[in-house]
Amino acid sequence: MWNKIGAMGRIGALCLALGTGFVVLQGCDESSKPSPAPAVEKTPTAQETSAESKPVSAEPMDVAVILSTISGAKDLLAWYKIRSAYQSHDTPNPEVDAAFAAKEAELLELAPVKPVNEALDLVDFDWKLVGAESEEGQKETFRATWLFRVNKDISLEPGHEVKLVLRGWFDKAHQQYFDEGARYFELTYAIKPPVSDWKADTYQLVTHKTYKKVPNVPYRMRVLFPELKVTDEGKTVSAGRFGENIDCGWHADVGDVSTPASAS
């Protein structure tokens, strides 16, 4: 349901280059931080690694290019990706910051924001085939991406943690691709860093690949947030639900049919 870089300025080029994939900040199979700034020529001292020693761009920011890129963001995942690149590589610019804020407000009006609980909203979800092309029913690896907005600091009881469960329900017309009696696939993921480390007024991007292949058919995606706790005996047991189960709607991805299936 979702390369020729000219002299447009470094931040514009970076945003365009990122157009083919998401900057991953969370997840068990991907790096959990935005791409780092280019390395300096010497090893910094302890003093130079302070908050005041953030690398400075070698080229001036092309404000017109980044403003155009922000304007072109069609969903909150794209907006978040562009903002993460900007925040990682450039000093603040009031005009750019204002454009990000305005675009955020615009997209939030259009996005199907789904409250998990009073502290957390799911604002975007994406489901993509890992690979170039696939046929219906073929078992494949997919990448699921969630973008959360944190409304206030999240606190859990000591020894508690929250898991992320993705459940994909399929239509009965595709039953032949599944075991008899199956109605959905279900995958459970750890969240790292844990939600108890998430702070108010931030966005958190969580990305995971399916750790087992699933048939390539449309799925009605639902997300569950079980809360677990460790007992005095060292056993992990249910502590109820951290928040509401979220219906993400129908999702499917057959890949880029214009690219040969052998492409990586």
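The values are calculated or read from the model by the stated rules, or taken from the named source; none is laboratory data. Just so you know, these numbers come straight off a predicted model, no measurement behind them. Positions of Cβ are backbone-derived with ideal geometry, glycine not excepted, and every protein chain shown enters the neighbour counts. Side chains are part of the model used for accessible areas, which takes the heavy atoms of the whole protein and leaves out ligands, DNA and RNA. Shrake-Rupley method; radii C 1.70, N 1.55, O 1.52, S 1.80 Å.
Observations
- Wholly enclosed strands (runs of 3 or more DSSP E) of the stretch 203-245 bearing at least 2 residues surrounded by 15 or more Cβ atoms within 10 Å (Cβ to Cβ): 219-224, 226-230
- Against the criterion of being closer than 27 Å to G137 by Cβ and either under 20 Å from the mean Cα position of the chain (by Cα) or among the charged types (D, E, K, R) (or both), H174 does not qualify.
- Scanning the stretch 109-129 for residues that are open to solvent by less than 60 Å² (accessible area, probe 1.4 Å), at pLDDT below 95 and out of contact with any Leu (no Cβ under 7 Å at 6 or more places or on another chain) gives a single hit, V113.
- The stretch 186-199, residues that are among the aliphatic types (A, V, I, L, M) and part of a loop (DSSP other than H, G, I, E, B): I191
- Looking only at the stretch 138-185, and only at residues there that are touching a helix residue (DSSP H, G or I) at 6+ places or on another chain (Cβ under 7 Å) and not in a loop (DSSP other than H, G, I, E, B), the one that is surrounded by the most Cβ atoms within 10 Å (Cβ to Cβ): L147
- Residue list for the stretch 161-189, restricted to those being at pLDDT 95 or above and of a type in the set (G, A, S): G168, A173, A182
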